[in-house]
1. Restricting to region B:80-98, name every residue that is without any contact (Cβ under 8 Å) to a residue 12 or more places away in the chain and at the interface with chain C (Cβ under 7 Å from one of its Cβ atoms).
2. Only one of these conditions is not met by D:Ser8: (1) part of a helix (DSSP H, G or I); (2) touching a helix residue (DSSP H, G or I) at 6+ places or on another chain (Cβ under 9 Å). Which number is it?
3. Only one of D:Lys283, D:Lys276, D:Lys236 is closer than 29 Å to D:Ala192 by Cα, buried (at least 22 other Cβ atoms within 10 Å of the Cβ) and either within 19 Å of the chain's Cα centre (by Cα) or not polar (S, T, N, Q) (or both). Can you tell me which?
4. Have a look at C:Ala41, C:Ala63 and point out the one that is part of a helix (DSSP H, G or I), at pLDDT below 85 and in contact with a helix residue (DSSP H, G or I) (Cβ under 8 Å, 6 or more places away or on another chain).
5. Which is more than 7 Å from chain C (Cβ to nearest Cβ) and either part of a loop (DSSP other than H, G, I, E, B) or touching a Cys at 6+ places or on another chain (Cβ under 8 Å) (or both), of B:Val22, B:Val42, B:Val65?
6. Only residues that are exposed (fewer than 13 other Cβ atoms within 10 Å of the Cβ) and either in contact with a helix residue (DSSP H, G or I) (Cβ under 7 Å, 6 or more places away or on another chain) or not charged (D, E, K, R) (or both): list them for region A:112-125, please.
7. Say whether the condition of being closer than 18 Å to A:Asp128 by Cα, surrounded by fewer than 16 Cβ atoms within 10 Å (Cβ to Cβ) and not polar (S, T, N, Q) is met by at least one residue in region A:85-101.
Amino acid sequence: MAVITPLLKGLAFTLKRFFSKPITYQYPEQKREPSERWRGLHRLKTENGQLKCVACGLCEAVCPAKVITVEAKETPDGRRFPNRFVVEVTRCIFCGYCQEACPKDAIELTRNYEFCGYTREEFHMTRDVLARN
Amino acid sequence: MIPFEYSMGLSAVLFGLGVVGVLVRRNVIVLLMCVELMLNAVNLAFVTVADHLNSVEGLLYVFFVMTVAAAEAAVGLAIVVCLYRARRAVHADEISLLKG
Amino acid sequence: MTLAIFFVFAAFAVLGGIGVLLARNPIHSALSLVGTMVSLAGIYLLHHAEFIFAIQLMVYAGAIMTLIVFVIMLLDVRHEEAETERLGFAKVFGMVLAGLMVVVLLVPLAAGLTGKPGGMTEEVLARVGSVEFLSEKLFTTYLLPFEIASVLLLVGLVGAVALAKKRL
Amino acid sequence: MLDFLIESILKVLVVFGVLLFVVAYTTWLERRVLGRIQVRHGPNRVGFQGLLQPLADGLKGFFKEDIVPANADKIVYVLAPVLSIVPALMIVAVIPFGDSFQLFGREITMRITDVNVALLYILGLAGLGEYGVMLGGWASNNRYGLLGSLRTAAQMISYELALGLTLISVIMVSGSLSLVEIVNTQTVWWNAFKQPLAFFLFLICGLAEINRTPFDMPEAEAELACGFNIEYSSMKFAMFFMAEYAHLISLAMIITCLFLGGWYLPFGIPTPGLLKFPVFLAKVFVLVFFFIWERGTFPRLRYDQIMRLGWKWLMPLALANIFVTGVVVTAVA
């Protein structure tokens, strides 16, 4: 008896679980809402249709994974803007330092976690991709 | 109905194969297997005769032969394991000494 | 029809027997022997010996051969047969004698079989079945041999354990 | 003669077709039920509720690369899956699925054949079933495979004894070796009521015999990395897999015939002819469900625990059961 009772208890437990509702998210149809502070894909913010970024390079400097490349350029009226701004998302660790370091509040991490592709190059997110995001 | 001679012939051939095996092979386990083959041939003869004479005694003999074969296999294999443990040898020629 | 099945089984049995002889690897020998035994089980079925068929599969193919295969695997003797086997005079002579023995075994067949028919006719089998008939004989007339066989098995069991166990 | 032959061939084709279909869908059932036990869904994407999943798996298995390890024993390596699946399928030949029915003025029995030594036939084939697993592990020339094989061999030989001894008490109660007759003795009281201990022991030994959790020693993913079939891929692996599930189903059918009254309802409730086959199927389904359910519940036993359980508990219990049954049967008679 002492041997069999725990076995039956176990069976009863699993049977109870069998009739409970699965907790699985049926992913593509049923999406999980990420938390408020979720750090997903980067976005370059815009203001009046222009990038807020002034290509100071602070994010590039602070990035621990060295995934950000910024190339500055100036407009004829003397305003700096990023000519090239690439984030290699495959290597990014989504720490959010770039967002914290930015003096202009020009970059942020969105809650978008659904980005995928077939080649590595697709993950070298360029300025325009990040701005549109 | 199978002709009596066919079955007995098969039995004789299998027995002969077993004998030849015991003579030419040196691996002790294969020797054991050849003995089993001979026992099987004998069983076939018993079954054939039992069928031919409508007698159950032949089948009983098969039963006893199988008992003996099982005991023989168990003890034989235990000896082989012992030998292998003591001498790392499974060839009959290498274990012909009386003194270890 | 029956005869055709018999020939198929017989062919497999003989091939298996030859395989036991010729295979270099003991596992292949053992497999061939299993083939022979299963074919023989089929032949037993053709000879109206259902019980023997079943225990042939169970005891020979299922237990004894499994044990042999088990030991071969355990000892891993697979490459030890590689050296050439000398075919000395004694062996050739023995093989000739073995061939002669097969001939001797076959001679009485030509003379025909003499013996007292037992009670196992088709009608009896249809009434009681071969297992019942066999077990009735086994537990009445042949009770003593049966008990001796069981003692033999026990002795075999104890002997095997005593031999193979390192420390009792 | 000819119509008998045609009938037999048709029966064989139907039974094996259905069997393979059921085997395929048992894998689906197992994954779904296990999923639900673990509070998740299981495969539900391919087709409605994942019903085409077995088909997808089969296709995948078929198109995968067939790898043979370089140092494998080629012949035995190829032979092993065949040796594994053939006995598994052959067992079904003697299992009665139901009574007979009339079709085109012929009486058709719901079984391929009724041998009067059906039980011995089953035990014999169970003995042959070991070879596939043993040789598969040995031939792939892999240490894990060999370990799995040796464990299987030892485990199956050990549990076959207890299994056979348990059967003897059933035979004593029913007085026959034919499955049909054993079923026919259970119209009122199932053998599970007459022989509760034997039923319990047979369940355990059966699980050990078909290497099912909690006795899935030969595979033991965690320690042996899948054991005997570690080197197998493609259709050869699929054959091992199918053999496993065919064994599972035949075990369920054998238990149904031996202990759960085959196609009869319990306590002598008359079973209408049309209901017989569904009743049989329902019992088999319940058993298969139980096998999956216990797989989701019990952890695997350690190897020495399995051996101890088999030799020191199940064997003596089975022997004691035979003794008690013998006394009772003699006293009643």
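1. Across region B:80-98, the qualifying residues are B:Val81, B:Cys82, B:Tyr84.
2. Looking at each condition in turn, D:Ser8 falls short on (2).
3. D:Lys283
4. C:Ala63
5. B:Val22
6. Within region A:112-125, A:Cys116, A:Gly117, A:Tyr118, A:Thr119 meet the criteria.
7. No.
Results for (1) at pLDDT 85 or above; (2) of a type in the set (Val, Ile, Thr), shown as yes or no for each residue.
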residue: D:Leu150; (1), (2): no, no
residue: D:Ala154; (1), (2): no, no
residue: D:Leu165; (1), (2): yes, no
residue: D:Ile171; (1), (2): yes, yes
residue: D:Ala198; (1), (2): yes, no
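The values are calculated or read from the model by the stated rules, or taken from the named source; none is laboratory data. Note that this is a predicted model, so its numbers are computed, not measured. Note: ideal-geometry Cβ built from the backbone for every residue, glycine included; neighbour counts use all protein chains shown.
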